[in-house]
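The values are calculated or read from the model by the stated rules, or taken from the named source; none is laboratory data. Nothing here was measured: the structure is a model prediction, and the numbers come from that model. Neighbour counts run over all protein chains shown; Cβ positions are idealised from the backbone, glycine included.
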Amino acid sequence: MPERGQVFYVAAWNPPEDFFRGLPGPKAVFALGAGIDRFLGRDDLPADVPLIRLTDAGMARQMAEYVLAGVLRFQRCLDLYEFQQFSGIWRPQPARSAEETRVTVLGLGQIGGVVAATLAGLGYAVSGWSRSAAAVPGVDCRFGNEALEPLLGETDVLVNILPSTASTRGLLNRARLGRLPPGAGIINAGRGDQLDLDALVELLDAGRLRGALLDVFPEEPLPGGSRLWRHPKIRLTPHVAAETLPAPAVGQIVENMRRLEAGEPVSGLVDRRRGY
Ligand code: GLV
């Protein structure tokens with residue numbers, strides 16, 4: 001363990017409170033993930049220390065796989081066949097092609113862009129939404145707050161991959177969820193503070209929404225008493241949609257350290273005011 005005074009770089013994921021206090025000005029802090037919500041809004045990390053997150057590092061492909069699994073669950077009716085199986089019902093559901101399945105991806109950054117392009121490449125009717133303009137081949141890209149609500153009304157599967165920022169917290173509130181067409185499904189692999197879970201459960205129980213695949217929660221681990229665990233229309237996973245893979249993550253951090261030492265621009269430098 002080096003003396004704290006000899007620490008020039010820190011790589012961390014969930015640093016405890018006061019972790020950075022007394023470190024005499026590290027040259028940079030690396031987040032071991034794409035999201036940096038655990039590094040903002042804390043008073044032990046000076047705002048002039050560069051904060052650098054992972055960009056893709058193997059996460060985009062994992063996220064595309066996870067989202068595809070969720071989209072297929074709804075498109076190929078695997079959720080309905082699960083219910084039917086446990087009731088002993090043999091009943092084919094009407095077929096729906098990928099082209100007839102409208103998927104909306106919220107967040108078109110390094111991860112969301114790959115997710116949207118992958119689904120579009122498989123023939124899904126993909127729209128994407130982001131805060132500022134983005135372009136993804138084969139994807140109908142919209143941006144800005146006014147564009148979101150009309151888009152929700154044209155969505156069969158809503159996929160959230162947004163980072164947690166002041167403008168995305170609480171984004172998927174009751175009113176916006178209510179804009180989704182009856183029978184829509186939801187995949188949340190962004191952050192747990194963006195989706196109103198009470199509204200989600202109400203809409204599922206009322207039969208308005210079809211189901212949800214959730215990977216992120218306001219409190220993690222999800223408390224044992226949460227009603228989400230056993231909700232028949234919810235499937236949940238323990239924040240694993242896109243995990244940090246050691247080899248590409250370390251490679252990216254080492255390359256960024258080299259660039260910092262050489263005075264070159266790094267990838268993944270966080271704009272603290274923007275929040276990612
Ligand atoms: C995971 O949630 C990440 O931000 O990398």
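Quick grid of which residues meet (1) of a type in the set (Asp, Glu); (2) buried (at least 17 other Cβ atoms within 10 Å of the Cβ); (3) over 17 Å from residue 250 (Cα atoms):
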| position | (1), (2), (3) |
| --- | --- |
| 3 | yes, no, yes |
| 7 | no, no, yes |
| 19 | no, no, yes |
| 30 | no, yes, no |
### Message
Can you tell me which of (1) free of Cβ contacts under 8 Å to residues at least 60 places away in the same chain; (2) polar (S, T, N, Q); (3) crowded, with 18+ Cβ neighbours inside 10 Å; (4) out of contact with any Leu (no Cβ under 6 Å at 6 or more places or on another chain) is the one residue 132 doesn't meet?
### Response
(3)
### Task
Give me a count of the residues in the stretch 231-248 that are buried (at least 17 other Cβ atoms within 10 Å of the Cβ) and either farther than 30 Å from residue 268 by Cα or of a type outside the set (A, V, I, L, M) (or both).
6
### Task
May I ask you to say which residue of 250, 254, 240 is free of Cβ contacts under 8 Å to residues at least 12 places away in the same chain and within 16 Å of the ligand (Cβ to nearest atom)?
250
### Message
Residue under question is residue 49, and the condition is that it be more than 17 Å from the chain's Cα centre (by Cα) and surrounded by 19 or more Cβ atoms within 10 Å (Cβ to Cβ); does it hold?
### Response
no
### Task
Go over the candidates 113, 190, 109 one by one and state the one that is assigned to a loop (DSSP other than H, G, I, E, B) and more than 18 Å from residue 228 (Cβ to Cβ).
109
### Task
Pick out the one residue from 67, 136 that is within 30 Å of residue 250 (Cβ to Cβ) and in a helix (DSSP H, G or I).
67
#### Entry: Unmet criterion (only one of (1) within 16 Å of the ligand (Cβ to nearest atom); (2) at pLDDT 95 or above; (3) out of contact with any helix residue (DSSP H, G or I) (no Cβ under 8 Å at 6 or more places or on another chain)) for residue 40
(2)
### Summary
Expected single match for in contact with a Gly (Cβ under 6 Å, 6 or more places away or on another chain) and either away from the ligand (no atom under 16 Å from the Cβ) or aromatic (Phe, Trp, Tyr) (or both) among 211, 263, 178, 183 is 211
### Query
Restricting attention to the stretch 226-235, does a residue exist that is under 21 Å from the mean Cα position of the chain (by Cα) and within 15 Å of the ligand (Cβ to nearest atom)?
no
### Query
Within the bounds of the stretch 218-228, is there any residue that is assigned by TED's automatic domain parsing to the domain that holds residue 111, within 25 Å of residue 131 (Cα to Cα) and either in contact with a Gly (Cβ under 7 Å, 6 or more places away or on another chain) or not small (Gly, Ala, Ser) (or both)?
yes
### Task
Specify which of the listed residues (203, 228) is touching a residue at least 12 places away in the same chain (Cβ under 8 Å), buried (at least 21 other Cβ atoms within 10 Å of the Cβ) and of a type in the set (A, V, I, L, M).
203
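Yes/no matrix, rows are residues, columns are (1) away from the ligand (no atom under 16 Å from the Cβ); (2) farther than 22 Å from residue 274 by Cα:
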residue: 4; (1), (2): yes, yes
residue: 9; (1), (2): yes, yes
residue: 23; (1), (2): yes, yes
residue: 55; (1), (2): no, no
residue: 61; (1), (2): no, yes
### Task
Please tell me if residue 230 is part of a loop (DSSP other than H, G, I, E, B), of a type in the set (Lys, Arg) and either out of contact with any Asp or Glu (no Cβ under 9 Å at 6 or more places or on another chain) or more than 18 Å from residue 170 (Cβ to Cβ) (or both).
yes
### Query
Does residue 221 qualify as being part of a helix (DSSP H, G or I) and either within 16 Å of the ligand (Cβ to nearest atom) or surrounded by 17 or more Cβ atoms within 10 Å (Cβ to Cβ) (or both)?
no
